[in-house]
Structure formats: structure tokens, C-alpha cells
Amino acid sequence: MKNKLLISALVLTILVSCTSDKSNSDTDIVVPPVIPPVINITSLKQASIPFGVACSPSPLKTDALYRETIINHTSSLTAENCFKPARISLGRKQYFWDDCDYMVNFAIQNNLRLHGHTLNWYSASGVPTWVSNFVGTKEEWILIMKEYIQDVVGRYKGKIKSWDVVNEPFETTGVLRNSIWKQNIGDEYIDLAFQFAHEADPEAILFINEFGTEYSIPKRTALLNLSNRLVASNIPINGIGLQFHTSISRSEIDIRTTIHTMASTKLKIHISELDVEINPSNVKPFVITDALLLSQKRIYSYVTKVMLEIPKNQQFGITTWGISDAVSWKKNDPDFPLLFDLAYKPKPAYYGMIDSFNQK
Ligand code: G3I
């Protein structure tokens, strides 16, 4: 009975206090509770800008450490080599799809975004042997370019969300490279490549991709002018890929200027092939020191910080050119330019990126 009385008194007290709160709230402005955003990420997989790496089918199939590190730490992939035209195109209308199909299925199975690299490229990997021997009129060159782009983009329509349409179109001087496509079609090969890719998959996000814009002002200006011209001409371009194969001796200010200059186009920005050399002079034998790893960390965290400064809808992604130092294209220099070491352990640079995402 005594307990019952106590409970009744308690209930009455709560009711009275609720009523009095309500009468106050009639005159007050109701402020919704502020829920702080979750910014303390612990893996780059959780980053607010998609984090990706370049990778290849063979080690994905055979190397569990390589595969699991990629699955656990990334949200986006770029195929390092297998989507290059010289790998896919064995002859006119003759294609090798196995590696590309594997990459697409791997990405889908692991819920990873896949970026296609690349549809048109001046270099040997970009020009199939039969194309380098092709003889034809301008119209015939346009037709073979169209066939290739539309067969590849069409095959993966809806599965590959974004493409590097034209890769590395400029010389360091800012002059348009005299690629086989420019020689046979003229400067408008770039406009046509974007139009053909867009026709094959109107939803695909289409990029122009370039290296060296952080150290070559003429190239940076040329890329800016070309991008603005394409946008003004209603050519279906959606983004700019800044490769950033860089090193600890490059200027941070140049990196910042490049990202912000390119973002002025309002196009999406993809840091598309990031790696940071710690042995840019290729010294042999080479000793890795803590100081070098900290310098590398500073660049990775800085690139991330600057990417977070541009508008959210332009932050397409940050992709490193490989998952670990064990598979970097620079490993024989020797160099150690990536976020994971030879044993796939995260390096200080990895935590530098995490800190930038956590705004520390
Ligand atoms: O797979 C073959 C192997 O079977 C053969 O034994 C070996 C002998 O040389 O070659 C292997 O292929 C090499 C391939 O890398 C895989 O390691 C090619 O010769 C070599 O040319 C190829 O280099 C690639 C290069 O692009 C040219 O396509 C690099 O891996 C790749 O990292 C690099 O990536 C480029 C981007 O596409 C564009 N931006 C610059 C970036 C770095 O150069």
C-alpha cells in the first residue's frame, strides 16, 4: 500500500512537470535537436568522398591479402590496365572481354564503384596494333573510334558508372598531343569521343583525365580551357581527372591551385591516380625513414583536405594508383608511393587521409 502511494505520487509529479513544460513550449520556438554528423571514420571505406584504388584481375584472383585489403578499405575501383584499348581490341570488332568482365563482376559482388580507364589514349597501351596500321579517310577513322567506344561502353552500360573518355590529351607545353586520333580526325576527336560515349550510355559520368597539371601551368591552362570549351559547346563531359602522380618534393600550393582552378569549371573532380614518391631521384640503395613517411603523409592528407574544400557535388573521388607498395608501377625505381606498405600494413599516409576526413 505504501509502495502504491509512492508510485502514485511519482506519476503525479511527472504529469505535472510535463504539463508545465507544455505550457512553456506554447510560447517558445521549438528547436530540433542537433545531431552531430558522424565524422570519426576509422577506414577509408567510410570516407565521405569515395576512396578507390587501381587494381588488376590477376592478383584479385590469386592474392588473398591484396583482395581483402581492397575489399576492406575501398569503395571504388579503377582497372589499372585491362580496360585499355590495346588490351581489349584484338582487331576490328574483335574483343577480349574476360578480364573486363571479371572486374565488373568483382565490383558488383563487392558493392564497389568501378571507373573505366580509358576509352581513348595516345600511348601504345591505348592504340591497338591494328589501329596503328589502319589506313582510311577521316570518316573511316571516326567510324572505327565510334565502333570501339560504343561497343565497350554499351557492353557495360549501367554497370560501369564512369569513364575516362580521353586520357592525357596534352603535351607538357599545353599543346594538344599529335596522337593518331588527332592526326586522322583533327582536334574534334575529343568532342566526338565524348558524344559517342554519351550515346552508348547517357547515364555514364564522363571524364577527361590528365597528368602533370600540378607542375605544368601551360598544361593546366590548356586543360581548363578545353574543359570550359566542351561545357560551353554542350559536349557531354561531366568531370576532370587529375592524376597526381606526385612526390614529396612537389609544392602543396600547386596542388591546391590545380584542384580549385579545375573546380571553377563546376565539373566533378576525380583525383584519379594519386601516388606520392618518397624517392623521386631514384636513389639506390634506398632507405625509408620516418621523416620521409611523414612528408608523404603530409601530401596525402593535404590533397584530401583540399578535396573537402570544393563543393560536395564535385567531389567525385580520390583514387590511388595501386593498393600497396608491393604492386606500385614505381616499385622498381625503387619507390614506396602508396598508402599500404609491402606487407599491406597501413602507412602514416593512410592515417593522414583518415585525419583529414575527421577534420583533425
Ligand atoms: O602483363 C605483362 C606481363 O605479362 C609481361 O610479362 C610484362 C613484361 O614487360 O609486361 C606486363 O604488362 C605490363 C603492364 O604494365 C602490367 O605490369 C606492360 O608491359 C606495361 O606497359 C604496363 O604498364 C602500365 C602503363 O600504364 C602502360 O599501360 C602500368 O602498369 C600502369 O600503371 C600505367 O598506368 C598509367 C595510366 O594508365 C595512365 N596514367 C599514367 C599511369 C602510369 O604510367
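Which residues, counting only those in the range 96-111, are within 14 Å of the ligand (Cβ to nearest atom) and outside any helix (DSSP H, G or I)?
F96, the sole residue that qualifies.
Identify all residues within the range 131-156 that are within 27 Å of the chain's Cα centre (by Cα) and surrounded by 14 or more Cβ atoms within 10 Å (Cβ to Cβ); write none if there are none.
Answer for the range 131-156, where residues must be within 27 Å of the chain's Cα centre (by Cα) and surrounded by 14 or more Cβ atoms within 10 Å (Cβ to Cβ): M145, K146, E147, Y148, I149, Q150, D151, V152, V153, R155, Y156.
Return only the number of the condition from (1) away from the ligand (no atom under 11 Å from the Cβ); (2) in a helix (DSSP H, G or I) that L119 does not satisfy.
Unmet condition: (2).
Could you figure out which of (1) in contact (Cβ under 8 Å) with a residue 60 or more places away in the chain; (2) in contact with a helix residue (DSSP H, G or I) (Cβ under 7 Å, 6 or more places away or on another chain) isn't true of H115?
(2)
Go over the candidates N332, N313, N282 one by one and state the one that is more than 16 Å from the ligand (Cβ to nearest atom) and either touching a strand residue (DSSP E or B) at 6+ places or on another chain (Cβ under 7 Å) or at pLDDT 95 or above (or both). Show your work before the answer.
Numbers: N332 fails: more than 16 Å from the ligand (Cβ to nearest atom); N282 fails: more than 16 Å from the ligand (Cβ to nearest atom).
It is N313.
Where in the range 42-95 are the strands (runs of 3 or more DSSP E), entirely inside, with at least 1 residues that are farther than 22 Å from L308 by Cα and either among the charged types (D, E, K, R) or away from the ligand (no atom under 11 Å from the Cβ) (or both)?
89-91
Restricting the range 192-215 to residues that are over 10 Å from G241 (Cβ atoms) and acidic (D, E), which is surrounded by the most Cβ atoms within 10 Å (Cβ to Cβ)?
Per the criteria, the residue is E214.
Kindly indicate whether any position in the range 186-209 is away from the ligand (no atom under 16 Å from the Cβ), farther than 24 Å from T265 by Cα, touching a helix residue (DSSP H, G or I) at 6+ places or on another chain (Cβ under 8 Å) and not in a loop (DSSP other than H, G, I, E, B).
yes
For the range 143-182, which residues satisfy the criterion of being more than 25 Å from T213 (Cβ to Cβ), in contact with a helix residue (DSSP H, G or I) (Cβ under 6 Å, 6 or more places away or on another chain) and not in a loop (DSSP other than H, G, I, E, B)?
K146, Q150, V153, G154
Is it the case that the range 219-230 has a residue that's in contact with a Leu (Cβ under 7 Å, 6 or more places away or on another chain) and more than 15 Å from the ligand (Cβ to nearest atom)? I'd like the intermediate steps shown before the answer.
Going through the range 219-230, the residues in contact with a Leu (Cβ under 7 Å, 6 or more places away or on another chain) turn out to be 227.
Filter once more, keeping what is more than 15 Å from the ligand (Cβ to nearest atom): 227.
Checked the range 219-230: at least one residue is in contact with a Leu (Cβ under 7 Å, 6 or more places away or on another chain) and more than 15 Å from the ligand (Cβ to nearest atom).
The values are calculated or read from the model by the stated rules, or taken from the named source; none is laboratory data. Predicted, not measured: the structure shown is a model, and the values here were computed from it. With ideal geometry, Cβ positions are generated from the backbone for all residues, glycine too; neighbour counts draw on all protein chains shown.
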